[in-house]
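This report refers to the structure that appears directly beneath it.
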Amino acid sequence: MKITAAIARTKGAPMTIETIEIDEPRDDEVLVRVVATGVCHTDMVMRDQLLPIPLPAVLGHEGAGIVERVGKSVSKVKPGDHVVMTFDSCGACPSCSEHEPAYCHAIVPLNFLAGRADGSTGLSKGREAIHSHVFGQSSFASHALCHVRNVVKVPDTLELEKLGPLACGVQTGAGTVLNALKVRKGKSVAVFGSGTVGLSAVMAAKYAGAAPIIAVDLVDSRLAMARELGAPHTINARRADVAKEIMTATTAGLDYAIDTTGVPEVIGQAVSCLAPRGSCAVVGAVTPGALLPIDGSQLMSLGRSVRGVVEGSSDPDVFIPKLIEMHLEGHLPYDKMIGYYPFSAINQAIADSETGKCIKPILRMDQA
Ligand SMILES: [Zn+2]
Ligand SMILES: [Zn+2]
């Protein structure tokens, strides 16, 4: 079948919208007509080859759409169902068996090698293979092939085009607070970085009853959004002494710190602001091989902990419905971060995300 897709052909270059072919779904796959897809920072990381996936490839991993066809062994969804597309996992390894698919032992081949587990791709242009299945979906396209495990059915009464970000950015930030750190009422939280992930962490911290909630960023407009979404205390790290302000706002330092920047110095600072028994979650992508500047003596003597968190430690089949419920109850107004773009403006949407002009761009496919 012919589809329209945005193709990343060379490192760092704008994507080109082309007509290509997509395979019929295999027995365990689902073909989805994409309605809308969020732009996530990891898409840029892959385009720029900081995460070196094979090119040419179709990126995009916050897809929302309608099931068009399913493989023979698929019973979880049927044609016509509304779904969001999330990260893929194997379903059989020790992590998947314990409902921790974000730590699937096959997370890299299933999400970051731009192909199926057997190395094949589901997309082509004439004789040229186009890499597919990025985050199990490659949803910068009119249609996406997913594995049955990485589609989550959503109610068809909801506005489908705004649901995609629940499947990566929102799930990552909110899940870090609610699933990984299990933030409790009255505990202090600081979130470093106020993009989609950080702001989702702020909303979830407010939901959990944390106090004070502090947001740290370099961009004033993002900090204004953080205040609107639940962090009354904001710090612009370009102008203020972050550690001093955090110590003033808390009694003995932070109970929880969440780093969404992936910058080693910021992570080191976040850890240095922890109270005794405080925990820091490292959520932002740290460059492979980078070491963190953490005082080991203080880590030990203050009983601090530091842990990595992927996709908010979420089991998407359970957590995405929970996020929808929170949103409908008014606790997760993530739509305040959204700006809509036609699919044809994908490169502009990415540019606006990089400059901070739009926190969460969503591409509408019907306007291709
Ligand atoms: Zn993402
Ligand atoms: Zn697994």
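The values are calculated or read from the model by the stated rules, or taken from the named source; none is laboratory data. Not measured: the values here are computed from a predicted model. A quick note on method: Cβ atoms are made from the backbone with ideal geometry, for glycine too, and the neighbour counts reach across all protein chains shown.
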Regarding E24, is this residue farther than 20 Å from I346 by Cα and either touching a Cys at 6+ places or on another chain (Cβ under 8 Å) or surrounded by fewer than 18 Cβ atoms within 10 Å (Cβ to Cβ) (or both)? yes
Regarding region 312-326, can at least one residue be identified that is out of contact with any Leu (no Cβ under 9 Å at 6 or more places or on another chain), surrounded by 14 or more Cβ atoms within 10 Å (Cβ to Cβ) and among the aliphatic types (A, V, I, L, M)? no
Of the listed residues (G71, G12), the one being surrounded by fewer than 17 Cβ atoms within 10 Å (Cβ to Cβ) and at positive phi is G12
Screening A231, A190, A224, A201 for residues that are outside the structural domain of I350 (by TED's automatic domain parsing), surrounded by fewer than 24 Cβ atoms within 10 Å (Cβ to Cβ) and touching a Ser or Thr at 6+ places or on another chain (Cβ under 9 Å) leaves only A224
Filtering region 93-105 down to residues that are within 6 Å of ligand 2 (Cβ to nearest atom) and either touching a Phe, Trp or Tyr at 6+ places or on another chain (Cβ under 6 Å) or of a type in the set (A, V, I, L, M) (or both) yields S95
Of H61, H147, H82, H99, the only residue that is surrounded by fewer than 23 Cβ atoms within 10 Å (Cβ to Cβ) and within 19 Å of S314 (Cα to Cα) is H99
In region 151-172, anything in contact (Cβ under 8 Å) with a residue 40 or more places away in the chain and away from ligand 1 (no atom under 13 Å from the Cβ) is listed as V151, V152, K153, V154, P155, D156, L158, L160, E161, K162, L163
If we keep only residues of region 86-123 that are part of a loop (DSSP other than H, G, I, E, B) and among the hydroxyl-bearing types (S, T, Y), then the residue farthest from the chain's Cα centre (by Cα) is S120
| message | Here is a check on your reading of the model: is V35 buried (at least 17 other Cβ atoms within 10 Å of the Cβ), more than 19 Å from A6 (Cα to Cα) and either away from ligand 2 (no atom under 16 Å from the Cβ) or modelled with pLDDT under 95 (or both)? | response | no
Within region 38-70, residues within 11 Å of ligand 1 (Cβ to nearest atom), outside any loop (DSSP other than H, G, I, E, B) and of a type in the set (V, I, T) come out as T42, V45
**Asked** Somewhere in region 291-300, is a residue of a type in the set (A, V, I, L, M, F, W, C), in contact (Cβ under 8 Å) with a residue 40 or more places away in the chain and loosely packed, with under 15 Cβ neighbours inside 10 Å?
**Response** no
Flagged in region 113-152 as of a type in the set (A, V, I, L, M, F, W, C), touching a Pro at 6+ places or on another chain (Cβ under 8 Å) and more than 21 Å from A102 (Cα to Cα), in numbering order, are I130
L163 passes all but one of the listed conditions (1) assigned by TED's automatic domain parsing to the domain that holds Q348; (2) hydrophobic (A, V, I, L, M, F, W, C); (3) surrounded by fewer than 24 Cβ atoms within 10 Å (Cβ to Cβ); the exception is number (3)
Inset, instruction - Might you let me know whether region 124-143 holds any residue that is within 16 Å of ligand 2 (Cβ to nearest atom), in a loop (DSSP other than H, G, I, E, B) and not aliphatic (A, V, I, L, M)? - result: yes
Only one of (1) away from ligand 2 (no atom under 16 Å from the Cβ); (2) over 18 Å from the mean Cα position of the chain (by Cα) does not apply to G60, and that is (2)
For I362, the lone unmet condition from (1) within 26 Å of S221 (Cα to Cα); (2) part of a helix (DSSP H, G or I); (3) touching a helix residue (DSSP H, G or I) at 6+ places or on another chain (Cβ under 9 Å) is (2)
Selection from region 108-123 of residues more than 16 Å from ligand 2 (Cβ to nearest atom), of a type in the set (S, T, N, Q) and either surrounded by 24 or more Cβ atoms within 10 Å (Cβ to Cβ) or within 23 Å of G169 (Cα to Cα) (or both) yields none
Residue set V152, V191, V216, V170; condition among the β-branched types (V, I, T), touching a helix residue (DSSP H, G or I) at 6+ places or on another chain (Cβ under 8 Å) and assigned to a helix (DSSP H, G or I); output residue V170
Residue set L291, L299, L323; condition on the phi < 0 side of the Ramachandran plot and not in a helix (DSSP H, G or I); output residue L291
Counting only residues that are among the β-branched types (V, I, T) and away from ligand 1 (no atom under 16 Å from the Cβ), region 71-94 contains a total of 3
